[in-house]
Structures are given as structure tokens and as C-alpha cells.
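Visitor: Got a structure for you, written out below as C-alpha cells; questions coming shortly.
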Amino acid sequence: MNPELATPADDPKRLSVKNPPPLKGFAPVFTWGSRLAFRPRRFLLIAAVAVGLGALVGISGVDERSPFAQKDKWFYLWELLDKQTLQYLLPLCALLFVTPGFSNEVSQRTLVYHLVRPVSRSTVFLARFASGVLPAVLVGTLLLWSVLWTSGLSVPTTVWMAVPAVAALSALLLGSLYYMLASIFRKGMIAALVYTFVIETMFIAARGSVQTLSMSYHVRSLYRALVNDEFAERSRYVADAIDPDGLLFRPGVENLAEAAVTMLQKPTYSSGPTAVITAIVLSAAFLAYGVWRTKRRDFPLKD
Amino acid sequence: MAIVEIRGLTKAYGRRPPALRDVTLEIHEGVTGLLGPNGAGKSTLIQCVLGLLPDFQGDAKVLGLDARRDRREIRRRVGFMPEFDAYLPETTGIKAVRFLGQLTGMPYNHALRRAHEVLFHVGLGEAVYRDVREYSTGMRQRFKLAQALVHDPELLFLDEPLAGLDPKGREELLKLIRRLADRHGKHIIWSSHILPEVQKVADSITVLKEGRSEGTYRLEEFAPRDGVYSIAFDGESPDFRAALDAQDIRVLATDGGESGDAWTVALDPELGSAPIFQLAGEHGVRLRRVKPVSESLEDVFMRILGGHAPSAQSAVSEESHHFETGEDA
Amino acid sequence: MSETPSIALTNVSKWYGEVMGLNDVSVEFGPGVSGLLGPNGAGKSTMLKVITGMLRPNLGTALVCGRKPFDNPGVMRRVGLVPEQDAFYPHAAILDVITYLTRLQGYDKAESRRRAMNNLERVGLGHVMDRSAAGFSKGMRQRAKLAQALAHDPDVLVLDEPLNGLDPTGRREYAALIRALGDEGKCVLVSSHILHEVALVARRLVVLHNGRVLAEGTAREIREDLSEYPLTVHVQTQDGEALAPLIVSLEGVGRIEHAPTGLIVRTTQPNRLFDEIGAMAAEGKVTVEALDPVDEDLEAVFRYLTQ
Amino acid sequence: MAVYARGYRPYEGSFGGRSPVMAIFGQGFRNAIRTRSFKILGVLVLIFYVIFTIQMYVMLNIEEVVSEGFSRFANRNEPFDFATYTTRYLKQALMGFYGFVATVGALISMLAGAGIVADDLRTRALPLYLVRPIRPIEYVLGKALVLPAVLAIVLLSPGLTFYLFAGLWQPDGTTNEWLGNNVDILGNVIHSYLVASFGFTGLMLFLSARTPRRGTVMAIAAAVYFGGAMMAGLGSELRGVAQQALKHVSLIVNSVSAHVMAEAETDRWRNEAQMERFREEAPSPTIGMVVAIAVLLIGAYAVYRRARSTEVSE
């Protein structure tokens, strides 16, 4: 050790013990969090797996025995994105990138270094959340695009463009929920997995307004609001099957989608703006609860 | 007979610089302190002595067995207590030690009997029926010692055996291990960074530095430093110090802290301690302690690392006393 | 807000669930190095965690530089911590980690980096600062933890078992650095369960046992307060026969034993004994070769305290 | 009168105990069957087993049921007797039983086997083993035997007893003949058990040797088991190479493929074309076995690499 390398003493102003303004220190924590989230090997691996899974879903669109897929691949893709992809695969992106942000700091015990810095706990909590959202959106978008790309259909631009928005809403809403779960349970990942695959599935399986309790309902609402017109126009076989005389369906009319959905006993989805606003309010609530818990919690951070 | 005999041992992992280079050393009976800074190659030496190292250059004999060919036989006759916290999942102390005894080849019933015996011996008492996970740090340390003893090894390798223990526990375990060497003829290699404890327990030390052996020394070789005293006193120090200086009594080190009332001083060995008492009396300083200092293992170790082997009549080296402060350095 | 760095605990109690961590602890620390000594589970770590705002005391108040540390991040500008946890980001170079942590202190990026490099150099990790702490030895990680604690030049330093895992050379350097920091007037708090370590860095001690503060002061002050245990002084002299009658009547002197090397004296008033022997030796009445209060050292003090 | 030596005493017993493989296996086995998850799931299997046994008794011993069963199981225009009836019924029952119990077996291996090596890593018991006179391969063997033994309780013993019961409930004097004629059922039971125990063991060994965290092991194992089952389901609906590859990725489905195939051959598919198509969609028992052995070897190698480590200090 070289004691002569001591840092020169600071000017006394810095020794003020006043609390920093809110969100001071957000930027470095965010940058650091992004750096950890975008760790090349992990990020590329996850992205590759996501693209692969998306491709599998997309390819399965050629399934010959599905009555619709044989006749109407558009309708099949429309439903496929909703059922498997938005319901189970997209949340996994949020799970992998957003959930561990803060809970890893706790389990690796590196949180201790933040607790002894002039950065409030809420800043660290929120910044680590924010840094997880972007990679989740990126990978989610890649996954959905990979489904579209491998489906073999010439998907219109509107649908391609809708994908990032849907992925972003999913990352925000499910991410904040998982993030909150991780601040409550010691095994946040497991809690989030159980939530996604058990509780969400139960909500979805239920009829009527119980469905709105599921988080993915809002994400799927946005998806429906953005792409229904495009898909409805192209799902000719289904349109003919339901309404051969063309009484209900006139090209470009919204209720085409509704009719198809009713046929499959789907709930009515909320409109785009409603879905987005609800999702934002919900995630703000989740984050607020997480902040509140984090602020008053003890962190012994034992080995 | 040398317990461990190593000739020209070189071991390199991959393309990194060798962990041990041409090490030649002998470890004899009794308690041997294995010392060396981090990265000196101690862990590679441990692996070699435990018969875990499959390939290396040079020759190594442990308990007279070839460390390359008779690796399993070596492991049957050597006990190892690791530095890190280690226990068995979901088992009571007694079951864990019995199981590890079985792994050494002991039949079930013998292993169980023996497990009881060693666990009792290390002082775990009734706790042997409790899950090891519930043990405190001190109990785990005792558990680790018990598992190293279960198969009655001839050579015990203890890696920081007192880590994490409180002062009372350290004292107890230290005595227990010392007794194993004295009364039961166990040979012990004691690897540690806590030199005062090594000094208490060891008969000799072996020093490694940067993958090379710096020799084996018997602790008896360390002579007291003639004419060096550690003194403690109450009263004004500047006058006293000036007086000491005037009498050519050198203050080698002062105990850190604001009043600096515990010093190490050196004077002409012929005179004994009398001049100190005289000066103290003249300056109204109350002496609380005047005690000849023998060289500590720490001093010796530092000197070995500095490249000078210890001599019987060692010179006082100023830079190596551990109560130095900035102004004296 | 106080100008001098300080830590004050007033009647602090802390428990985890129903497990007692600290029990009604009141103690203050000012500038200089203080040692926190106690066996495992005595509450040392709990106390340091309360001081650094990781835990909120269940009863009582903790103040650091006049502010409560829990969820009061401003005060942390003046605090540096070497935690007990052996934790570092496994996937980032140590220089980047410490630069980041120093940025959180409010420095800009360049300054943080300069400080991080400077302090890594200072603790002797200059040659490995572009490597991840995952491959470090325990001693190197210990140094890295110190570098991050020093990078913002705090004047309250809390070091939890800082010398764990260091080799003798490292131990010595680290201890010298801690003492130097104390001499600069920083408030340094060092915990350890190894007596030699504490003796190496701190004169003022706080002894903790079962969550309670048993004693504070220098080893000698504490020893003097333990008046129920008379001090045993080994007087090494050839003139034992002559000396014994001279000191036997001194106030406080209990038993005197004759040993081959001199006298073993037990006294409750050691100062009287030291004065008397000092005077006689100075006048040349007796030749005293050595004077050794055998149970005044830290080990004895600790033994008596926890008996 | 005597005062004997107190304190430490030397050991004078032998070192010729059982092979360390058995000690490691015993330790692992005891830890595995002592877990709560094994007890709960084991009782579940037991209940299922009792129900199937009772049903089988009814189907083979109550005359009205048997005659009704004849009409259900017999194809038109074929000579039909009680022995053939039993065979067909048993094949169907085995498929039903294992269709469910194989999943339970996977769950047991996942919950009770997650810590098999991971626990040794987490508690750092591994170095304590390695400094004893055992070979790496002995450690691997000891650990690799644990799950097959556990799974034998839930996956092997029920099938064996069903087979025996079916033989015992044949008319007097024909038991041995029936058992002899239906060795293929016994073969299916054993095949199914081997595929399951190899595959599950290999997976758990592999994951468990990679990380000290049980939770992580369980999560990944669950993903592989259930994700694999989903993929295999998806795969069987595809065509071509993708189908042939994907339908074999589920360890659970592979393990019951022998029973599935046997059941399909009894009477479900009336013509050869349908059977051909079924063979294309269902995983092949042979390839299933190959996959399971490959997984076992990979898992064993992962453990072997751990056991070869000589790191015993930090």
C-alpha cells in the first residue's frame, strides 16, 4: 500500500450532510444497471433464444390440423401472437431483465455499497428498474418480429410498428409487477414465474371481467387496438365462415374483429388509450409500493 | 524423518506463471507453521501434500509415500481442515463425521464410534445430534477439526484453523491442537496469517514466497534481542524522550496513539535496564512495564520476505517492528 | 450538523425477529481510531450496520455527525464503509466498480475515475485494477473494499473485520493505513474478534458481549476499573529477598510470591507499587531487571470481562 | 484400580469398509427420500397405484365387467380370449398410469434431486470428500445411483407388480404361460423406467453440478421438463426433420413412449396407414433411450469435472 497516495482533502462544502434532492444519482445507477443488463454474453444469448422461440412459434403457423391455419393463416397468426406470445413469452423478457435489477443487488449483497452513499434508496430502486426496461423491450421486440418474420406472410408495416409499443407496455407493466414481487419475496424470480404461469393462467381461463385482473389483458388490449384492423381485413376465411353474406363485415369496419372474437368467446378488450393509461397507473402503483417497502426495510445483507 | 519431503517441485496451471517453482523443502515432526503472503503458492502445496495433485515436476514424498503414485493412500493418512466454512447438507454433526469417516474406508460401526469420540474430544458435547447448519462459527470450526481427525491421521493439515473464533475459543482450540502434537504424536501443518498464534503453537516454520521456498526454520533459533526493552509509563514524554536520546538510548518504535506511552527502546546490553529506571526517576515518569523483548515471529517473517534469513544474533531492524508510526518510519 | 466527525448511539436496541442483536447500547465515538471488540455474535456487525443506516434501531437513536443514518442518505457523504460482506460485482473490472461507486458520491465521471485509480493504487491494487474482483484473493478483495471506502475521502470510517484474510504483510500495511487515518482526525471504527488485530490499530476499545457494551476505554483504563481482579506484576530481580519486605506493607499489595527470577506481586493499587519500585530502582537500592504486569494486556482484560 | 487414557485415542479399527460409492449413494438416497416433496408426491403415486390396482382387479376378476370388457377390447372378426383381453387391458392401463406418474417422477427428481451435487457445492462439502481416498469416478457413481433408486420406488415397482398381478389373475395353471407370452410388457416397464431414470438423473446431475443454488436448478429443470413437453407436443404437429427432432426433446414423453407405442399397437388404430402416421408423430422408444443415455453421460461428465477439481483452499 502507498499511504502517500492519499486523496487530497475535500473542500468543506462537500461535507454538508443535507439530503440530496430527489432522484439525485439516478443517472449513474441507471448507466451502471444498463451496463449489467447489456452484459454482452448474457444479452446476446437471451436475444438468440428469444429469436429462436419466436421462430418456433412462427413456424408452428404451418400446422395443418388447425382448421383455421389451413384456410386462414392470417387469423391463426393474429390469435397465436395473442395467446402464446403475449401471454407467456413476452413476460419472460421482463422477467429476465427487469426482475433481477434490485433483488440481485440484495442477493449479491452489493446493495451495501449503495446504502452508504448519498443516494436515496428510492433512487437506486427506480433507476435499476428503468435500466432493466430497455433491454426487455429490445428483446421482446426481437421475439415478436421473429414470429412475424417466420410466419411466411407479408405482414403489413402497421403490425411491424405496433410490436415495439406492445413490447414496451409489457416490459413496463409486467416488469414493474415482477420488480415489486422481487422486493417482497426473497425468491423474486420464482414468485414471478408462479405468478405468470399459474395466477395469470387462472385469470385468463376465467370468463368475463375476471380477465381484466390479468396484467397481460392490458398488453393484449393494446395489441388488439393496434393490429385488429389489419388482421381483420386479411382474415377472409374466418370472415366468410362467420358471415358468409357479408352482413356484419364490411371491409375496414371494426366490428369484424369483435365478431371473430365473440365467436371464440373472448372478452371485449379495452381501447388502446385506456389500456395504456391503466397500465401506466398500475405500474406506478407497483413501483410506489416497492419504493415504500424498500425505504422502510432493514437490509442486514447477511452472507 | 521428514514428514513432507519435496524436491524441485514445479507446478504450473495452464499458461499462467507457475504457482510453485522448483520448491525444495522438508517439513519435520511436530507443529509446522506454513507461512507466506497471498499467492505464494500455499494452496498448491496443500494440494500436493494432500495427494490431490496429479501432475507436477519434481519429487514429493508425504509420510514416506510418493505424492504422485500413492495419492489415495496419502489421503487416507492425512487429515485436512479447510479454511472456509464447510459442512454437509442436511445432516447432524455425528452423521456427517461418520459419513466422512466411511469415505476414508472405515466400516460403518467403527466410523460411528470414532465420530462420537472425536466430536466429544473437540468439545461439541450434546451438539453432535444437532444439524450442522445450526452450529455457530465456533462450533463449525470444531466440527471441521473433528472431521479431519476422524480417521486418526498421522498428519493434519490445518488451514487457518482458528478463523472466526472468539478469543476464548481460540485459546481452547490452540491448546487442543498443541496437545494432539505433544501427547499423541500427530504431525501438524498449520497454515495461517495470524503470526502471533503460529508463534504460540509451532515448533518450526516454513515460508513460501512467490512460488519459491524461503526455507524452514526452527522457532528456537529466534533469540531474544539483547538490550531491547518494551516500556510503558505514565507522565510527560518529551522530556523523557530527550533524556533517553541524550543517553544514547534509541526509541525504536512508539505505540500508535496520541500520548505514545508505550515504547520499544534499545540500549547497551551491558547496562541492563538500570538506565531506564534512573532516567524515569529523574523525570518523574512512572514506569509500568520494563520488559526485554524477544524477536516476534512477525519480525522474522518480514525479514525473511525481505530476503535475509534470520541469524541467531539478529540485528534490530527498525522498519520491521509492528508498532511503527509515520514519524518513525 | 457537527464539524467534527462523530458517532453517537443512545440506548440503541436492535433485534432480528426475536433474536437480540444489540441491547441498550449507549456509546460515542469521536476522532481517532476506536476498536470494537467482541466474540462472534456479540453484536459488532449489528452495531456497524445500525451506524451505516442499513438497519433501523428498534429502540433508541443512532446519530452520525448529528444525523440519523437510516434512510438519510445525505450524511453518507461523510461515511465510508468496509462491509463484512465479501461482495463485488462479478462481471465488471474493479476500477469501473469503484468509479461507479464514487460517482454516487456526487463527483463527475473523470474525477471519480481519478479517485478510484488513485485509491486502488493506494491500497496496492494498481496492477490489477482492470480485472474483476471475482478472481481476487480474499486479501485483495479486502483491499478493494477499503479503496471504495476511501475514494470520497470520508471522515467517518466504519471497518467491519477489515484485516480478515490479509496476509501478514498486508495486515501490517493495512493497519498502518488505518492508524494514519485516525491520526488525521477521522473517526475510524474498527471491529474485530482477534485481539492482536485490535491492538494493532486502536487504543480506545469498546468491548461488546451478548449485545451489550461491557467496557470502553484503553486496555489499561479498563483493566484499572476491574478492581476485583488484583493486578499481577512480575518483578524480575536478583534482590527479591531484600525487596519483598519493602513493598509488602504498601497499600493494596496482597500476596507476594517468590519465584526463581524474582517476585510475583498482586496488588489492587498498582500505581503505588510502580512508584515505589521505580524510586528504589532509580536510587539504586535494588536492581530491577524487568517489570511486567502480566495480566494488563488485552487478552487478560478480555478474559476478565467475559468471565 | 486403574486410570485409563483420557482425551484423544488412536483408531485401531480397519479401513476395509464398504466402497465409498455405497456410502455416498446411501447418504444421497437418505437425503432424497427424507425430503417433504418426495413424501408428498410419493403418497400421491401410492394413491394412484391403489386406484389402478383396484380397477385392475375389477376388470380382471368380476365376470360382468370382463364380458363387457371383451366387447370393448376385441376387434371384429378375430379370435379373442381372456389372455389377449388381459394383455390389451394392461397395456392401456400402463399407459394411463405412466402418463401421469412419469410427470410425478420428473417432479420428484426435480425437487428431491436439485441439491444432489448443488448442496455439496453450496455447503462446500465437496472439498471434504475430495481430500479423502476416493476417486472422482466413485463420487460420480455414488451420486448417479441416487435418483434411479428413488425413481425405482415410484416408476419401476408399480409396473412390475401390475405385470405380476395380471399374471396371477389368469385362470389356474396359465399364469406362467401368460407371463411368458407377455415379456414385452415387462420389457416396456423396464424400458420406460430406464429412460426416465437415465434422462432425469442426467439432467439433474448436469444442472446440479453447474450451480450451487437449488432454486436455480429447480427453475431450469422445470423449464426443461415442461418446456420440453410443450416442444415435443408442438413438434409432433410439425412435419419433416423439425418434427423428428422436436418430438424427442421431452424426457417425460420419451419415458412413456414405450407404453404409448404398445397401447397404440393393441387396437386404437384400425389400419396400417393410421398406424404409420401415428409412428411418425409419436416419439420412438429407441431414440428416446439414446437421448436419455446421452443426457446421462453429459450429466455424469459435468459431475466428474467437479469431482476432479483439486481446489481445497481459497
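The values are calculated or read from the model by the stated rules, or taken from the named source; none is laboratory data. What you see is a predicted model, and the numbers here were worked out from it, not measured in a lab. So basically every Cβ, Gly included, is an ideal-geometry build from the backbone, and we count neighbours across all protein chains shown.
Visitor: Can you list the helices (runs of 4 or more DSSP H) lying wholly within the range B:30-147 that have 3 or more residues being in the same structural domain as B:Thr206 (by TED's automatic domain parsing), among the basic types (Lys, Arg) and at pLDDT 90 or above?
Guide: Answer list for the range B:30-147: B:71-77.
Visitor: Within the range B:103-122, is even one residue out of contact with any helix residue (DSSP H, G or I) (no Cβ under 7 Å at 6 or more places or on another chain) and more than 11 Å from every other protein chain (Cβ to nearest Cβ)?
Guide: no
Visitor: Moving to a separate point now. Over 21 Å from the mean Cα position of the chain (by Cα) and not in a helix (DSSP H, G or I) - does that describe any residue in the range A:76-95?
Guide: no
Visitor: For residues in the range D:127-137 being under 15 Å from B:Gln102 (Cα atoms) and either more than 7 Å from every other protein chain (Cβ to nearest Cβ) or of a type in the set (Ser, Thr, Tyr) (or both), which is surrounded by the most Cβ atoms within 10 Å (Cβ to Cβ)?
Guide: D:Tyr129
Visitor: Which one is nearest to the chain's Cα centre (by Cα), of the residues in the range A:9-34 that are hydroxyl-bearing (Ser, Thr, Tyr) and modelled with pLDDT of 90 or more?
Guide: So the residue we want is A:Ser34.
Visitor: Does the range B:205-213 contain at least one residue that is crowded, with 16+ Cβ neighbours inside 10 Å, more than 13 Å from chain C (Cβ to nearest Cβ), at pLDDT 85 or above and on the phi > 0 side of the Ramachandran plot?
Guide: Within the range B:205-213 (the criterion being crowded, with 16+ Cβ neighbours inside 10 Å, more than 13 Å from chain C (Cβ to nearest Cβ), at pLDDT 85 or above and on the phi > 0 side of the Ramachandran plot), the answer is yes, since at least one residue qualifies.
Visitor: Out of A:Asp298, A:Asp303, report the one residue that is modelled with pLDDT of 85 or more, farther than 19 Å from A:His218 by Cα and touching a Lys or Arg at 6+ places or on another chain (Cβ under 8 Å).
Guide: It is A:Asp298.
Visitor: Looking at C:Arg143, C:Arg115, C:Arg77, C:Arg103, can you tell me which residue is facing chain A (nearest Cβ under 9 Å), touching a residue at least 60 places away in the same chain (Cβ under 8 Å) and touching a helix residue (DSSP H, G or I) at 6+ places or on another chain (Cβ under 9 Å)?
Guide: C:Arg77
Visitor: Need at least 3 residues that are out of contact with any strand residue (DSSP E or B) (no Cβ under 6 Å at 6 or more places or on another chain), within 30 Å of B:Ser296 (Cα to Cα) and modelled with pLDDT of 90 or more per element, so show me which helices (runs of 4 or more DSSP H) inside the range C:67-178 make the cut, counting only ones lying wholly within it.
Guide: Because the criterion is at least 3 residues that are out of contact with any strand residue (DSSP E or B) (no Cβ under 6 Å at 6 or more places or on another chain), within 30 Å of B:Ser296 (Cα to Cα) and modelled with pLDDT of 90 or more, the helices (runs of 4 or more DSSP H) in the range C:67-178 that meet it are C:138-150.
Visitor: Turning to a different aspect of this structure: Hey, among the residues in the range C:211-247 that are surrounded by fewer than 16 Cβ atoms within 10 Å (Cβ to Cβ) and polar (S, T, N, Q), which one's farthest from the chain's Cα centre (by Cα)?
Guide: Ranking the candidates gives C:Gln238 first.
Visitor: Separate question: Find the helices (runs of 4 or more DSSP H) located wholly in the range D:239-314 whose residues include 2 or more that are modelled with pLDDT of 90 or more and surrounded by fewer than 22 Cβ atoms within 10 Å (Cβ to Cβ), and list them.
Guide: Fully inside the range D:239-314 and qualifying: D:285-307.
For (1) touching a helix residue (DSSP H, G or I) at 6+ places or on another chain (Cβ under 7 Å); (2) of a type in the set (A, V, I, L, M, F, W, C), each residue gets a yes or a no:
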residue	(1), (2)
D:Glu138	yes, no
D:Leu147	yes, yes
D:Val154	yes, yes
D:Gly173	no, no
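Visitor: Still on this structure, please answer the following. Hey, could you check the range B:214-240 for residues that are away from chain C (no Cβ under 11 Å) and among the β-branched types (Val, Ile, Thr) and say which is nearest to the chain's Cα centre (by Cα)?
Guide: B:Thr216
Visitor: Same structure, new question: Hey, can you tell me all the residues within the range A:102-122 that are crowded, with 22+ Cβ neighbours inside 10 Å, within 13 Å of chain C (Cβ to nearest Cβ) and either at positive phi or within 22 Å of the chain's Cα centre (by Cα) (or both)?
Guide: Correct list: A:Glu105 only.
Visitor: Ok, one more. From the list C:Leu48, C:Leu37, C:Leu59, pick out the single residue that is farther than 30 Å from A:Phe38 by Cα, surrounded by fewer than 23 Cβ atoms within 10 Å (Cβ to Cβ) and in contact (Cβ under 8 Å) with a residue 12 or more places away in the chain.
Guide: Going through C:Leu48, C:Leu37, C:Leu59 in turn, the sole match is C:Leu59.
Visitor: Being modelled with pLDDT under 95, farther than 29 Å from A:Phe125 by Cα and away from chain B (no Cβ under 14 Å) narrows it down to one of C:Thr4, C:Thr52, C:Thr46, so name that one.
Guide: C:Thr4
Visitor: Follow-up. Looking at (1) at the interface with another protein chain (Cβ under 10 Å from one of its Cβ atoms); (2) surrounded by fewer than 16 Cβ atoms within 10 Å (Cβ to Cβ), which is the only condition C:Ile277 fails?
Guide: Here C:Ile277 meets the rest and fails (2).
Visitor: Quick check on this structure: which one of A:Ala6, A:Ala37, A:Ala48 is surrounded by fewer than 20 Cβ atoms within 10 Å (Cβ to Cβ) and at pLDDT 90 or above?
Guide: Only one candidate passes the filter, namely A:Ala48.
Visitor: So how many residues does the range B:157-167 have that are within 7 Å of another protein chain (Cβ to nearest Cβ) and surrounded by fewer than 22 Cβ atoms within 10 Å (Cβ to Cβ)?
Guide: Adding up the residues that qualify gives 2.
Visitor: Still on this structure, please answer the following. Please note which helices (runs of 4 or more DSSP H) are completely contained in the range D:1-114 and include at least 1 residues that are modelled with pLDDT of 90 or more.
Guide: Here the list reads D:20-33, D:36-61, D:82-113.
Visitor: Give the residue, chosen from A:Gln84, A:Gln70, that is surrounded by fewer than 17 Cβ atoms within 10 Å (Cβ to Cβ), away from chain C (no Cβ under 14 Å), at pLDDT below 75 and closer than 30 Å to A:Ser221 by Cα.
Guide: A:Gln70
Visitor: Any idea which residue in the range D:260-314 is nearest to B:Cys48 (Cα to Cα), counting only those that are hydrophobic (A, V, I, L, M, F, W, C) and within 14 Å of chain B (Cβ to nearest Cβ)?
Guide: This residue is D:Val312.
Visitor: Every residue in the range B:195-236 that is among the charged types (D, E, K, R), in a loop (DSSP other than H, G, I, E, B) and closer than 30 Å to C:Pro293 by Cβ, please.
Guide: B:Asp203, B:Glu236
Visitor: Search the range B:261-275 for residues that are small (Gly, Ala, Ser) and pair each with any residue that is at pLDDT below 80 when their beta-carbon atoms are under 8 Å apart and the residues are at least 6 apart or on different chains.
Guide: Within 8 Å, the pairs are B:Ala262/B:Thr254; B:Ala262/B:Asp255; B:Ala262/B:Phe323; B:Ala266/B:Arg225; B:Ala266/B:Val316.
Visitor: Any idea which of (1) crowded, with 17+ Cβ neighbours inside 10 Å; (2) over 30 Å from D:Val140 (Cα atoms); (3) not aliphatic (A, V, I, L, M) is the one D:Gly26 doesn't satisfy?
Guide: (2)
Visitor: Based on what the data block shows, is C:Gly182 in contact with a Gly (Cβ under 6 Å, 6 or more places away or on another chain), within 17 Å of C:Met140 (Cβ to Cβ) and either surrounded by fewer than 24 Cβ atoms within 10 Å (Cβ to Cβ) or at the interface with chain B (Cβ under 10 Å from one of its Cβ atoms) (or both)?
Guide: Answer is no for this residue.
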